[in-house]
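S.K.: Sharing a structure below in structure tokens format, with a few things to ask.
The values are calculated or read from the model by the stated rules, or taken from the named source; none is laboratory data. These figures come from a predicted structure and were not determined experimentally. Here the Cβ positions follow ideal geometry from the backbone for every residue, glycine too, while neighbour counts run over all protein chains shown.
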Ligand SMILES: [Fe+2]
């Protein structure tokens, strides 16, 4: 593991037990946390699914208490990993209202950024939701845009949202080619467009969909240079967490 992979910041990870299609048990959640540390991750935002296929979603209160439980378990095992609250929210018309009601969760519970998931097969007009979020002072981080079929076909489609200052979260395994050539090509194209991007693991378990952020970081460092890799996997994520000198 190179010097730049020591303290990666992962803003998209399904590491809470029993809330979605991530780990089913406390033991599986801890196994995933060990895999995150082995991958070079020091800080992770737990982002269980809310809305969409997970209509019977965990609400903010459950997420906060599950994160507190997991951090306590990590301290007991002396694993050097900080877990923060978050969610991956399927974008739909109710999102602003449910955020106002503190049912949906923002990234790191800061009410500044929320991780929004597009449908995979269609690209709806998300502008009305983004307008309402702007009024709440919340900016969107679009989860794995490269996995949306329309954007995979034509990555330039993301330029239609320039006015909203979105961040685009590319998934590590897309960079590495695990989701096929078309998705990989779109992921690398997005990285080189004039938009703000970050890389995250979207890991779901230590065995199934394990974290590969360290490998994606290394691949980007080889292709684009270590500074670019660090910006995508450390500095920009820290900005979203309000922990950097960069504009927040
Ligand atoms: Fe996810």
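S.K.: Would you be able to tell me the number of residues in region 93-111 that are within 16 Å of the ligand (Cβ to nearest atom) and exposed (fewer than 15 other Cβ atoms within 10 Å of the Cβ)?
M.R.: 0
S.K.: Which of the residues that make up region 16-44 are crowded, with 16+ Cβ neighbours inside 10 Å and within 11 Å of the ligand (Cβ to nearest atom)?
M.R.: Within region 16-44, 20, 22 meet the criteria.
S.K.: For residues in region 198-231 being free of Cβ contacts under 8 Å to residues at least 60 places away in the same chain and crowded, with 20+ Cβ neighbours inside 10 Å, which is nearest to residue 113 (Cα to Cα)?
M.R.: Once the filter is applied, the top-ranked residue is 199.
S.K.: Are any of the residues in region 23-37 free of Cβ contacts under 8 Å to residues at least 12 places away in the same chain and not in a loop (DSSP other than H, G, I, E, B)?
M.R.: yes
S.K.: For residue 183, state whether it is part of a loop (DSSP other than H, G, I, E, B) and either over 19 Å from residue 38 (Cβ atoms) or away from the ligand (no atom under 16 Å from the Cβ) (or both).
M.R.: Judged against the criteria, residue 183 is not a match.
S.K.: Looking at region 112-135 only, could you name the residues that are outside any strand (DSSP E or B) and either surrounded by 15 or more Cβ atoms within 10 Å (Cβ to Cβ) or in contact with a strand residue (DSSP E or B) (Cβ under 6 Å, 6 or more places away or on another chain) (or both)? Write out each step before concluding.
M.R.: Of all residues in region 112-135, those outside any strand (DSSP E or B) come to 112, 118-135.
Those that are outside any strand (DSSP E or B) and either surrounded by 15 or more Cβ atoms within 10 Å (Cβ to Cβ) or in contact with a strand residue (DSSP E or B) (Cβ under 6 Å, 6 or more places away or on another chain) (or both): 112, 118, 123, 126, 129, 130, 132, 133, 134.
S.K.: Being within 22 Å of residue 216 (Cβ to Cβ) and either within 16 Å of the ligand (Cβ to nearest atom) or in a helix (DSSP H, G or I) (or both) is the requirement here; does residue 58 meet it? If you could, list the steps in order and put the result at the bottom.
M.R.: Numbers: within 22 Å of residue 216 (Cβ to Cβ): no; either within 16 Å of the ligand (Cβ to nearest atom) or in a helix (DSSP H, G or I) (or both): yes.
No.
S.K.: OK, next. Working only within region 136-154, note down all residues that are assigned to a loop (DSSP other than H, G, I, E, B), more than 15 Å from the ligand (Cβ to nearest atom) and either buried (at least 23 other Cβ atoms within 10 Å of the Cβ) or under 18 Å from the mean Cα position of the chain (by Cα) (or both).
M.R.: The one that is assigned to a loop (DSSP other than H, G, I, E, B), more than 15 Å from the ligand (Cβ to nearest atom) and either buried (at least 23 other Cβ atoms within 10 Å of the Cβ) or under 18 Å from the mean Cα position of the chain (by Cα) (or both): 138.
S.K.: Determine, yes or no, whether residue 78 is under 15 Å from the mean Cα position of the chain (by Cα) and either at pLDDT below 95 or more than 16 Å from the ligand (Cβ to nearest atom) (or both).
M.R.: So residue 78 does not fit the description; no.
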